[in-house]
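In what follows, a single structure is set out as structure tokens and then discussed.
The values are calculated or read from the model by the stated rules, or taken from the named source; none is laboratory data. Not measured: the values here are computed from a predicted model. Quick reminder, even Gly has a Cβ in these numbers, built from the backbone with ideal geometry, and neighbours come from all protein chains shown.
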Amino acid sequence: MARKDDQNSAQFDTGFGAAGGTFGGSAGGAPKSQAAQGGEFSSGFGGGTNAVSQIFRDGGTSPDDKRRKVMMGLILGVAFTIVAASIYYFVFDEGDFAREVPTVATTPAPAPAPASSADTDEKKADAAAKTTDAAEDSVAETEEDEDLEEDEEVVSAPSSSGSYKYNEVGGGPLVSAPAGTAIEVSRMQDFSVMYMTGTTNAAGQLRIPNPPPGKVYWRVAGKPEVTEITIAPPAKLNIGLKIGSSIGATETMQWTADGEVAHFRLEFAGEPSFGNLAHSFSTNKNQLTLSGVNPGNYFVRVGGLNVASGRWEYTRGSSVEIK
């Protein structure tokens, strides 16, 4: 009986092993070890269960997986260190740097040194001198204006007539109207041709520039009233030369003149037209001593430049013998 059971057991094992390997052992035999069972188990189920058994044998992970985990941990650690260092630099170090930037202190400009008494006295003297000069200039201008007004009449509007003596230096007659008044001037009574137009200044005056002798008319623009001004010719010089029939080559010659003369000419010519001058002398005085005039017969005359008219006026030529 015992042999028969052993045979049956052997047959059972063989049959199961053929089908898929022995799972257990004989009923009466000792159980197989874990390793033996595992080996037979793996051989029974093929390659698919082989990987699982490998995992169990290696403790759940392969060496490559461990290395990958270690490398990943190192990378994460380095990244965390970099991020932490950056935060520290920007939050703490940069703030400290900003606080350590030196500030430039502004030094106030030094107060000006007080002027010495000598400088103060000198400035006061300069200011007083300037004031004195300005006052003198003002007085001189006032006197000049008064002299001008003595020589010419200021014609106010409206007025029936006025008069003015022509004077090249004086510049022309003054008309008077309220400041800023538009003035029209003509040499024609009907104002068909304008001589000038202008506006009175702040002093209420306008000068008509040197109208020639005769009549000149002016009016306020847009007004019918017309004022007439008579322009008298300038006074003549009336030069007078007294001379004998013969004089010496070094004679001092004298003459007279009315009005203001810029300068005189003493001329000698061979004919009464004075077209070809033999000698000519110039002076601003009423006398002149001859020099370098050759002896002979001449015609002589004196001329003067009239300041008022701006023209030359001459005496008639006189015959004279130079000895």
Search the range 289-316 for residues being surrounded by 17 or more Cβ atoms within 10 Å (Cβ to Cβ) and over 60 Å from the mean Cα position of the chain (by Cα), and hand back the single one that is nearest to Gly171 (Cα to Cα).
Thr315
Among the residues of the range 225-241, write down those that are under 27 Å from Asn306 (Cβ atoms) and either among the polar types (S, T, N, Q) or assigned to a loop (DSSP other than H, G, I, E, B) (or both).
Thr230, Pro233, Pro234, Ala235, Lys236, Leu237, Asn238, Ile239
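Which one of Gly240, Gly296 is in contact with a Ser or Thr (Cβ under 7 Å, 6 or more places away or on another chain), farther than 30 Å from Asp190 by Cβ and of a type in the set (Gly, Ala, Ser)? Quick ask: steps written out before the conclusion?
Details: Gly296 fails: in contact with a Ser or Thr (Cβ under 7 Å, 6 or more places away or on another chain).
Gly240 is the lone residue from the list that is in contact with a Ser or Thr (Cβ under 7 Å, 6 or more places away or on another chain), farther than 30 Å from Asp190 by Cβ and of a type in the set (Gly, Ala, Ser).
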Where Gly240 falls short, out of the listed (1) out of contact with any Asp or Glu (no Cβ under 8 Å at 6 or more places or on another chain); (2) within 20 Å of Tyr164 (Cα to Cα); (3) not hydrophobic (A, V, I, L, M, F, W, C):
(2)
Six or more apart or on different chains, Cβ atoms under 8 Å: show the pairs whose first residue is in the range 172-189 and assigned by TED's automatic domain parsing to the domain that holds Val307 and whose second is β-branched (Val, Ile, Thr) and surrounded by 16 or more Cβ atoms within 10 Å (Cβ to Cβ).
none
Identify the residue in the range 151-170 that is in contact with a strand residue (DSSP E or B) (Cβ under 6 Å, 6 or more places away or on another chain) and at pLDDT 85 or above and, among all such residues, is surrounded by the most Cβ atoms within 10 Å (Cβ to Cβ).
Tyr164
Would you be able to say whether some residue in the range 176-190 is over 19 Å from Ser161 (Cα atoms) and of a type in the set (Ser, Thr, Tyr)?
yes
The range 264-318, subset charged (D, E, K, R) and in a strand (DSSP E or B), residue nearest to Ile243 (Cα to Cα):
Arg301
Which pairs do you get when a residue that is farther than 17 Å from Glu313 by Cβ, found in the range 265-279, comes within reach of a residue that is of a type in the set (Val, Ile, Thr), reach meaning Cβ atoms under 7 angstrom, with the pair 6+ apart or on two chains?
Phe268/Val293; Phe268/Val300; His279/Val293
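From the list Gly222, Gly244, pick out the single residue that is outside any strand (DSSP E or B), loosely packed, with under 12 Cβ neighbours inside 10 Å and in contact (Cβ under 8 Å) with a residue 60 or more places away in the chain.
Gly244
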In the range 198-219, what residues are closer than 14 Å to Ile183 by Cβ, polar (S, T, N, Q) and surrounded by fewer than 18 Cβ atoms within 10 Å (Cβ to Cβ)?
Thr199, Asn201, Gln205
